[in-house]
Amino acid sequence: MSTKPQTIAQFFKRFPNDEACLQHLFDVRFGQGFECPRCERESKWFRIKAERAFSCQWCGHHLHPTVGTPFEKSRTSLQSWFYAIFLFTTTRNGVAAKELERQLGVTYKTAWRMADLIRKHMADVDGDKPIGGIGKVVEADETFIGGEARGKGSGFKKNKTIVFGMLERDGDVVTEVVRNRGVNSLVPQVLRHVERGSEVHTDELGTYGYLKIEGYRHHSVNHSAGEHVRGHVGVNGIEGFWAQLKRSISGTHIHVSGKHLWKYAKEAEYRFNRRNRPETMFDELVHSFGPLPQQSD
Ligand SMILES: [Zn+2]
């Protein structure tokens, strides 16, 4: 990977215009000498000015470097997209659509859609590698976020969304939005994301008792009895992550609907999992795209 932009000035030096962004996408996804999917010869690729494409020196086949990226169906300039990603990777609490609207000079609707696609991209790049393993501790916990006030003066809120989190101690976190806190909601998520044999720490919620049956070692602390840590048993790590997620939502976004919440959780997850190397986030996001799709002429 090349130089990592740390400052706005470095960003604009590296990506001075759309052409530089398109060339970057071509270089990281194909590169000169890339074998043409149609004539199957190693080719020099020539930039076609009329569209966002490169053409095979032998048969004229076109490659479109934006296909299969978040920018594919967008008319917003690539430089604006790259800059939006830069903003996402240089803030701790996320970027509001309003802020993108102001900085990029796009409509609110466009800004919202860009932020939405960038969050999905962060979720894709973060991936779903299992956490834990023999000798590893995983903290599992759920939290309630959002919802509408149930009437004037009422402290209660309805329609809250439940986010379930699993954090390998000193490692990665995984989040999932779940329907409830029952066995059928939480245990399959642990099975999906946490290696069997891990030592799972939770609070006293009864659901977690089933983890032993599924092949996990399980320890809990009794929050309702005021117990938060017992020896090395506790869920302080995942609670720290919840605090960060909630700060980002209430501080930057004010309100997030239940339908979209998973993406904000994934954004926080992406950032948290790179907490020891935040300077690599921008490069990772502009280098990592899905498998190359079929290209048309
Ligand atoms: Zn060709």
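Any read-out appearing in this document is the output of simple, stated calculations on the displayed coordinates, not a laboratory observation. Here the structure is a predicted model, which means the values were calculated and not measured. Note that each Cβ is placed from the backbone with ideal geometry, even for glycine, and that neighbours are counted across all protein chains shown.
Go ahead and estimate [θ] at 222 nm for the chain from helices alone: -39,500 (n - 2.57) per DSSP H run with n ≥ 4, summed, over the residue count, rounded to 500. The partial results should precede the final answer.
Working: 9 runs with 101 residues, N = 297.
Only helices count here, giving -10500 deg cm²/dmol.
Using label points projected 7 Å from each Cα along Cα→Cβ, tell me how many nm separate Arg217 and Thr76, to one decimal.
Inter-label distance under the simple model: 4.8 nm.
For Asn236 and Ser224 in the same chain, what is the full-extension length gain: residue separation times 0.36 nm, less their Cα-Cα distance, in nm? Working shown, then result.
Working: separation 12, 0.36 × 12 = 4.32 nm, distance 1.50 nm.
That pair, Asn236 and Ser224, stretches by 2.8 nm at full extension.
Whole Å is fine, so just give me how far the alpha carbon centre of region 72-145 lies from that of region 155-186.
A separation of 19 Å, based on Cα centres.
Cross-link list Lys73/Lys263; Lys212/Lys266; Lys49/Lys109; Lys73/Lys259: which exceed 26 angstrom alpha carbon to alpha carbon? Don't skip to the answer; put the middle values down first.
Values: Lys73/Lys263 20 Å; Lys212/Lys266 28 Å; Lys49/Lys109 29 Å; Lys73/Lys259 23 Å.
Among Lys73/Lys263; Lys212/Lys266; Lys49/Lys109; Lys73/Lys259, the Cα-Cα distance tops 26 Å for Lys212/Lys266; Lys49/Lys109.
Ranked by Cβ crowding within 10 angstrom, fewest neighbours first, how are Arg277, Arg102, Arg52 ordered? List each step's numbers first, then the result.
On the way: Arg277 9, Arg102 12, Arg52 21.
Ordered from fewest to most neighbouring Cβ atoms within 10 Å, Arg277, Arg102, Arg52 come out as Arg277, Arg102, Arg52.
Looking at the chain, which Cys residues are left with no other cysteine's beta carbon under 4.7 Å from theirs?
Those would be Cys21, since no other cysteine Cβ in the chain comes under 4.7 Å of theirs.
Roughly how many nanometres apart are two label points built 7 Å out from the Cα toward the Cβ at Lys120 and Glu195?
Simple spin-label model gives 3.2 nm for this pair.
Where nothing but the Cβ of Lys and Arg (+1) and of Asp and Glu (-1) is charged, how large is the charge dipole of region 137-262 around its Cα centre, in debye to the nearest 20? List each step's numbers first, then the result.
Details: 16 positive and 15 negative charges, 144 e Å.
Rounded to the nearest 20 debye, it is 700 debye.
Counting other beta carbons within 10 Å of each residue's own, what order do Thr107, Thr69, Thr175, Thr89 fall into, fewest first?
Values: Thr107 12, Thr69 21, Thr175 28, Thr89 24.
Neighbour counts put them in this order, fewest first: Thr107, Thr69, Thr89, Thr175.
I need the calculated FRET efficiency for the pair Arg181 and Gln32, taking r as the beta carbon distance and R₀ as 35 Å, to the nearest 0.05. Can you show the working numbers first?
Values: r = 54 Å, r/R0 = 1.54.
Once rounded, the FRET efficiency stands at 0.05.
What list do you get for Ile134, Ile162, Ile48 if you sort them by fewest beta carbons within 10 Å? Could the numbers behind the result be given before it?
Details: Ile134 10, Ile162 18, Ile48 14.
With the sparsest Cβ surroundings first, the list reads Ile134, Ile48, Ile162.
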